[in-house]
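A short worksheet on the structure shown next.
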Amino acid sequence: MTDTSTVDPMAGDDHELPELTPDVPARLAALRPRVLVVGDVILDEWLTGNAERLCREAPAPVVAIDSRTVAPGGAANTAVNLAALGASVRMVSAVGADDSGAELLAALEKAGVDTTSVAVEPGRRTTAKRRVVAGEQVLVRLDDGDRDQAPLTGVPGLADGWDAVVVCDYGTGLLSEAVLDAVLATRPPLVVVDAHDPARWARLRPDLVTPNAGEAAAVLGTSIPAGESLRFLDEHRGTLLTRTGARAVVVTLDRDGAVLLDGARPVHRTWARPVPDNHTAGAGDTFCAALTVARCGGLPSVVAVELAQAAADVVVHRPETAVCTVDDLAERLGGHGTVLDHDRLAALVGEHRAAGRRIVFTNGCFDVLHRGHVNYLNEAKRLGDVLVVAVNSDESVTSLKGEGRPVNGVADRAAVLAGLSCVDHLTVFDEDTPAALLTRLRPDVYAKGGDHRAELLTETPVVREYGGEVRILSYLPDRSTSAVIERIRGGRSAHRPPRPVPRRS
């Protein structure tokens, strides 16, 4: 991997968190992590046209095909997304000596993925998924290829010094116990498992597993109650971690974002920007790829899943099987959190309220973002549907905190908050308190961190007068901005350069 000392600091998990700003994807790409992807590859084919009549033979639409596109799918989609985010990638898999296999290999090579470890076998039929689309509606999907794959006998090139290996096991039989043994024998610093049955890979003791809700439920042997996924997964994190053997589990919930369960740390959820289901092909592969690049670059787990969510949000807003590039991700991070003036914010809050959404409001200086901030903002978002964050202006921070503060200007502080998927709207206010803004917006909930008491807040009477609710959230000791600044001034900076996640013994 490229020498990380030339890349600007990204912090560790415990105190100050790195800024998830538009320059982060390029800085991660500059590290050029070496990633081996092992797993089931698919050729995704999209046949798109118009359907204006029914056929005579059956009550089925006649689709006049206008275009045909193909793209790498499954583990191959993970590989091309990794390459698009700057990784040096080699694919380990097998395809048939057929047209689909040739097209898939050509698409991988065009995307910059090394295919020298993909076996081409005459007796094998390449898996292909063909979707027929009329307008924006998928009418039918035709699956072709071997349903039960002949297993790989090993992992070529595993001992070549990879920074990470990503195992993509979709239950076809391609990945045998021999593959598990090979990865165990030469374990890279980071191991990520994306599998229909992640418990099968528990012996590998992966650093990350990324099941979806159904796969996590299967590991637990029970269904996840509707509307209670966060609480349920948090309560069962011990079982999930034990049965998967993983250091951390990220459960992807499609349009509901993702849930990070990282050891004993507080649960963290991301929020997705939902789209119709016909747009979601491959979003999980993109999520896994971005998560891997982020962790290879030393980003802490909370920031890594936020980056991965941003990448997934890029591709679900595109038709067919899409790829998120460095530039795409930078644009997404840069365009997510425009600071609104109070008039525009009031209009948007009115629209949300008319749509029946519950509005949550919080405020603060947010001078140096740390885990305490992220946990409390994440918790605040869970109290409603829309989270509005009001940031103290530079003059207001100086008035409250004294000379030398803020450390970061308001534009930088707002940009950092904008990178969090839980934040829906941002604004800036000049006063010492947001009382006037609260009176104007009338949010359903006014949330503050656990180092406050409701009866001592000057905003409490304002909120209660219009019928709102004041909520004091949980508190993490030693997670304050002042504590972080004191550590930095004392020569114990939380900042350190990006680094690969260390190998576990």
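No value in this document is a laboratory result; all are computed from the given coordinates. For clarity, every value in this text was computed on a predicted model and none was experimentally measured. A quick note on method: Cβ atoms are made from the backbone with ideal geometry, for glycine too, and the neighbour counts reach across all protein chains shown.
Observations on the structure shown:
- Only DSSP H runs of four or more residues enter the estimate; each adds -39500 (n - 2.57), and after division by the residues of the chain the mean residue ellipticity at 222 nm equals -9500 deg cm²/dmol.
- Projected onto its three principal axes, the C-alpha set of the chain covers 74, 61, 41 Å, listed from the longest axis down.
- In this rough spin-label picture, where each label sits 7 Å from Cα along the Cβ direction, the E228-D181 distance is 4.4 nm.
- 24 Å tail of the calculated P(r), region 73-208, as % of Cα pairs: 32 percent
- Loop GluC sites (Glu not before Pro), region 306-399 (other Cβ atoms within 10 Å of the site Cβ: 10 or fewer; DSSP): none
- For region 339-489, the calculated P(r), taken from all Cα-Cα distances in 5 Å bins from zero up to the bin holding the longest distance, is 2, 10, 19, 23, 23, 14, 6, 2, 1, 0 percent.
- Whole-Hz Karplus values for region 440-445 come out as 6, 7, 6, x, 5, 10 Hz, taken residue by residue from phi with 6.51 cos²θ - 1.76 cosθ + 1.60 and θ = phi - 60°; glycine and proline positions read x.
- Distance between the modelled labels on R353 and H196, one decimal in nanometres: 5.0 nm (7 Å Cα→Cβ projection).
- Sparsely packed GluC sites (Glu not before Pro) within region 176-262, loop by DSSP, other Cβ within 10 Å at most 11: E228
- Taking only the alpha carbons of region 223-378, we obtain Rg and Dmax values of 16.9, 51 Å in that order.
- Exposed trypsin sites (Lys or Arg not before Pro) absent: longest stretch of the chain, with sites in DSSP loops and at most 12 other Cβ within 10 Å deemed exposed: 148-452
- Stokes-Einstein, applied to the Kirkwood radius of region 216-298 over Cα pairs at a viscosity of 0.692 mPa s and 37 °C, places its translational diffusion at 238 µm² s⁻¹.
- Note on the chain: lysine pairs with Cα distance below 27 Å, sequence gap of 8 or more or different chains, count 4.
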